[in-house]
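The structure appears below as structure tokens.
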Amino acid sequence: MSDYREMWEKLGLDLQAHDGLLEILPPLYRETILSQENRPKGMEYFDFVFSEIHGLRVKELVDHRAQGGLVVGTFCTYVPEELIIAAGGICVGLCAGAQVAEEATEQYLPRNLCALIKSSLGFKLAKVCPYIESCDLLVGETTCDGKKKYYEILGQFQPVHVMELPQRKDDVDRALWRSEVRRLAERLEELAGRKIEPESLREAIKVVNEKRRALLRLAELRKSDPPVISGRDALLINQIAFYDDPKRLAEKVNALCDELEERREKGIAIGGAHRPRLLLSGCPMAIPNWKLPAIIETSGALVAMDEMCTGIRYFRHLVSEEAADLEGMLDAIADRYLRIDCAVFTPNRERIEHIKELVGDYSIDAVVYYALQFCDPYTVEAFLISQELEKEGIPFLYLETDYSTEDVGQLSTRVQALVEMLTSG
Ligand code: BJ8
């Protein structure tokens, strides 16, 4: 990584603070990810990508910009990646999963705000994220109140475009969202100094769909019992999918799936945790937030599926490839993204139905609900979900946490009690 110092310096990083961050990541990765037994060989690519998290991929972004291309940062799965690619851009997910520069952050944001938003500003203020510093534009969205107000502050540091996301899915909301998709396309065209042509958008739709198909194939393999991949490894892949090159990622995920299919046929399971099979549901887990999956999988259970934006919500729906012209493609994009069932929507019946479906499809023994403290949409929606699961007799464990490690002991005790209850019955 030392070869990249000049690049980091040019990006304006605080090298000393950045060194500090890079010292923390490898031991955490070793302890949480590499320590797992009998991992598939195909995970080596993802280990490599992670080891180069602030190196090779950032260099690709820098080179892309040097050739006149755009780099656009996003914070939410509602932002259509297809438009960014069609405008000649690279899309990078910027959600952050670690506590950074807390004191400085609290000069701008209240203490009682979700860890994800505070972490995002912390990385910016501490100048330790080469991704955000590589961006020509940041695209926000009016999802939760904390995020939409945060973008006003972030706009003091870098150009931010905010998409207005409706919170219902009626015709009037669809029309608004469709116009927001068009408005983003225009902003990107202006920035890129070129039109989004139908052919480039058609190609971008295919590329992103291929990424989703590969991730769906992997998700399908997670139905295997005994399991062929751990929840931690699957989460890592989903996290990397937010910033790696989409074509390369699809290729590597497909190669891993070939190996997993072979392992399944030969009856080779991953080491360690087998049962019970848990569904993790709730807020997204950005890199390097592996706290809860690690607790679960070292407590004798398996995260069999993740109902979250760093899980199946990210790739569940494809964009229709049927449209004949640009307007039709924009319609298809708007429709696909509005199908996402984030808790910011009301009502949000689709999410409840999807959770029940996943419980059946993945032979789930219990749902573990992961809520970030002060996240209103997910903490409040938990009630309706638990109520519904109770009716179906599915155990439900609600865990509220943040990015600190202070509550690891307490969380472990609660997860272990659940595992004991499920295995003793
Ligand atoms: S589509 S989940 S990525 S909004 S955890 S910042 S909701 S207070 S992240 Fe999200 Fe898009 Fe929805 Fe997905 Fe606010 Fe909650 Fe914090 Fe959150």
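Bear in mind that the values in this text are calculations on the coordinates, not laboratory data. Here the structure is a predicted model, which means the values were calculated and not measured. Cβ sites come from the backbone with ideal geometry, for glycine too, and all protein chains shown count toward neighbours.
Things to note:
- Filter result (without any contact (Cβ under 8 Å) to a residue 24 or more places away in the chain and in a loop (DSSP other than H, G, I, E, B)) within segment 173-222: 193, 195
- Comparison of 394, 385 shows that the only residue that is over 30 Å from residue 180 (Cβ atoms), β-branched (Val, Ile, Thr) and over 21 Å from the mean Cα position of the chain (by Cα) is 394.
- Look at (1) in contact with a His (Cβ under 6 Å, 6 or more places away or on another chain); (2) surrounded by fewer than 16 Cβ atoms within 10 Å (Cβ to Cβ) and you find that residue 179 fails only one, number (1).
- Inter-residue pairs, beta-carbon under 6 Å, first under 30 Å from residue 142 (Cβ atoms) and in segment 57-77, second away from the ligand (no atom under 16 Å from the Cβ) and polar (S, T, N, Q), 6+ apart: 61/134; 71/134
- Counting only helices (runs of 4 or more DSSP H) that fall entirely inside segment 89-168 and contain at least 3 residues that are farther than 24 Å from residue 240 by Cα, within 10 Å of the ligand (Cβ to nearest atom) and over 16 Å from the mean Cα position of the chain (by Cα), the qualifying elements are 145-154.
- Within segment 275-284, the set of residues being part of a loop (DSSP other than H, G, I, E, B) and in contact with an Asp or Glu (Cβ under 8 Å, 6 or more places away or on another chain) comprises 275, 276.
- In the set (1) surrounded by fewer than 22 Cβ atoms within 10 Å (Cβ to Cβ); (2) away from the ligand (no atom under 16 Å from the Cβ); (3) in contact (Cβ under 8 Å) with a residue 40 or more places away in the chain, the condition left unmet by residue 250 is number (1).
- For segment 348-381, the candidate set comprises residues that are within 13 Å of the ligand (Cβ to nearest atom) and polar (S, T, N, Q); within that set, the residue that is nearest to residue 398 (Cα to Cα) is 379.
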